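**Q** Sharing a structure, written as structure tokens. Questions coming.
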Amino acid sequence: MFIDTHAHITSPRLLEGCEEIISRAENASVSTIINICTDKLSLKHGIDLSEKYDNIFTAAATTPHDVEEDGESFFPSIIYEAQR
């Protein structure tokens, strides 16, 4: 059993193939995936995946070099999604 503690399966580059990624992870004995979302869109998709799969958890963050630019707009959306 393995846990992927830092995935970005709802990033724009991977989103279209995320179901296949999840399937490959399960076949490789990955029992849990923590999906890191770094913008509003990946957060929305991440929450949707967390609701669909019991073994996928969503975390939201911004990178240190983006916090000044994105923090003010992204952090309120994290709070909003957490309260839904």
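The values are calculated or read from the model by the stated rules, or taken from the named source; none is laboratory data. Bear in mind the structure is a predicted one, so any value in this text is a computation, not a measurement. Here the Cβ is made from the backbone with ideal geometry for all residues, glycine too, and neighbour counts use every protein chain on show. Side chains are part of the model used for accessible areas, which takes the heavy atoms of the whole protein and leaves out ligands, DNA and RNA. Shrake-Rupley method; radii C 1.70, N 1.55, O 1.52, S 1.80 Å.
**Q** Can you list residue pairs whose Cβ atoms sit under 7 Å apart, with the first residue in segment 5-29 being of a type in the set (S, T, Y) and the second being assigned to a loop (DSSP other than H, G, I, E, B)? Count only pairs 6 or more apart in sequence or on different chains.
**A** S29/M1
**Q** Listed residues T38, T62; which is polar (S, T, N, Q), at pLDDT below 90 and touching a strand residue (DSSP E or B) at 6+ places or on another chain (Cβ under 8 Å)?
**A** T38
**Q** Inside segment 1-54, can you point out the residues that are under 20 Å from I78 (Cβ atoms), aliphatic (A, V, I, L, M) and open to solvent by 60 Å² or more (accessible area, probe 1.4 Å)?
**A** Once the filter is applied, which keeps residues that are under 20 Å from I78 (Cβ atoms), aliphatic (A, V, I, L, M) and open to solvent by 60 Å² or more (accessible area, probe 1.4 Å), segment 1-54 yields only L41.
**Q** Turning to a different aspect of this structure: So, of the residues in segment 55-73 that are among the β-branched types (V, I, T) and surrounded by 11 or more Cβ atoms within 10 Å (Cβ to Cβ), which turns out to be nearest to D4 (Cα to Cα)?
**A** I56
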